[in-house]
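The structure appears below as structure tokens.
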Amino acid sequence: MKIICIGRNYAEHAKEMNAAVPENPVFFLKPDSALLPPKNPFYYPEFTKDLHYECEVVVKINKLGKNISEKFAHTYYDEIGLGIDFTARDLQQKCKEKGLPWEIAKSFDHSAPTSPIFLNKSTLNLEAMNFSLKKNEEIVQVGNTKDMLFNIDQIIAYISQFLTLKIGDLIFTGTPAGVGPVQIGDKLIGYIEEQKMFEVRIK
Ligand code: ZN
């Protein structure tokens, strides 16, 4: 399986990164080794001094597809989860300055912890779904899918022009504003509406 991540999908986050709002979805990949086995802690990597969380709604693909039209995209997923797109912000900044790809900053081992549970989309209002991230005792990110620049169906239609989507692939749909650093000892808890989705400890 592969993990496809959308960048700059919330205008307020693009603004906080001093990035332009894109004309088309911007995406990059993480390998399957970016998943964090359930219940494992996340170990702060030695190659960064500025690790950031980005809490994101995650879509699980349930059907093989290529060149999927927006109209039929909803038939390619049933389940919605929540994840963290961990980012070594210092390395990413260097990559950006040099015009280099972002993989060392985004695609390293365990950089995509994903909720152990997924919710059936029939139980959710995907057009306006709240999600949030709590760091220790403080809510640090609050998002709503209505603020996505490209919705899930548009993302699937766009990506599948280039990549065949396979059963089990995960799409991280971008982060809202409020990204920030984590330190060893922090605890990150993600919610969709009131439902606790994941808890990740930084060691
Ligand atoms: Zn992200």
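The values are calculated or read from the model by the stated rules, or taken from the named source; none is laboratory data. These numbers were taken from a predicted model, which means no experiment stands behind them. For neighbour counting, all protein chains shown are included, and Cβ atoms are generated from backbone atoms with ideal geometry for every residue, glycine included. With ligands, DNA and RNA removed, areas are computed over all heavy atoms of the protein, side chains included. Shrake-Rupley method; radii C 1.70, N 1.55, O 1.52, S 1.80 Å.
Remark: I139 falls outside the filter, which requires a residue to be β-branched (V, I, T), under 29 Å from G185 (Cβ atoms) and part of a helix (DSSP H, G or I).
Considering T48, T75, T114, the condition of being within 29 Å of D153 (Cα to Cα) and in contact with a strand residue (DSSP E or B) (Cβ under 8 Å, 6 or more places away or on another chain) is satisfied by T114 alone. Quick one: is L149 open to solvent by 20 Å² or more (accessible area, probe 1.4 Å), more than 16 Å from E12 (Cβ to Cβ) and touching a residue at least 40 places away in the same chain (Cβ under 8 Å)? No. Summed over the range 132-146, residues that are surrounded by fewer than 22 Cβ atoms within 10 Å (Cβ to Cβ) and either within 24 Å of S69 (Cα to Cα) or in contact with a helix residue (DSSP H, G or I) (Cβ under 8 Å, 6 or more places away or on another chain) (or both) total 2. Among the residues making up the range 29-38, those that are open to solvent by 30 Å² or more (accessible area, probe 1.4 Å) and either under 13 Å from the mean Cα position of the chain (by Cα) or touching a residue at least 40 places away in the same chain (Cβ under 8 Å) (or both) are L29, P31, S33, L35, P38.
For the criterion of being away from the ligand (no atom under 16 Å from the Cβ) and either in contact with a helix residue (DSSP H, G or I) (Cβ under 7 Å, 6 or more places away or on another chain) or not in a strand (DSSP E or B) (or both), L100 passes.
Matching residues to (1) under 23 Å from N62 (Cβ atoms); (2) not aliphatic (A, V, I, L, M):
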{"site": "K96", "(1), (2)": "no, yes"}
{"site": "W102", "(1), (2)": "no, yes"}
{"site": "L133", "(1), (2)": "no, no"}
{"site": "M148", "(1), (2)": "yes, no"}
{"site": "S160", "(1), (2)": "yes, yes"}
{"site": "I167", "(1), (2)": "yes, no"}
{"site": "I184", "(1), (2)": "no, no"}
{"site": "E194", "(1), (2)": "no, yes"}
{"site": "F198", "(1), (2)": "yes, yes"}
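Exactly one residue out of H110, H52 is under 16 Å from A34 (Cβ atoms) and in contact with a Pro (Cβ under 8 Å, 6 or more places away or on another chain), and it is H52.
Meeting the requirement of 1 or more residues that are aromatic (F, W, Y) and within 16 Å of the ligand (Cβ to nearest atom), the strands (runs of 3 or more DSSP E) wholly within the range 1-88 are 26-30, 51-53. Entry remark, the range 162-187: residues being more than 14 Å from the ligand (Cβ to nearest atom) and not in a loop (DSSP other than H, G, I, E, B) number 3 in total.
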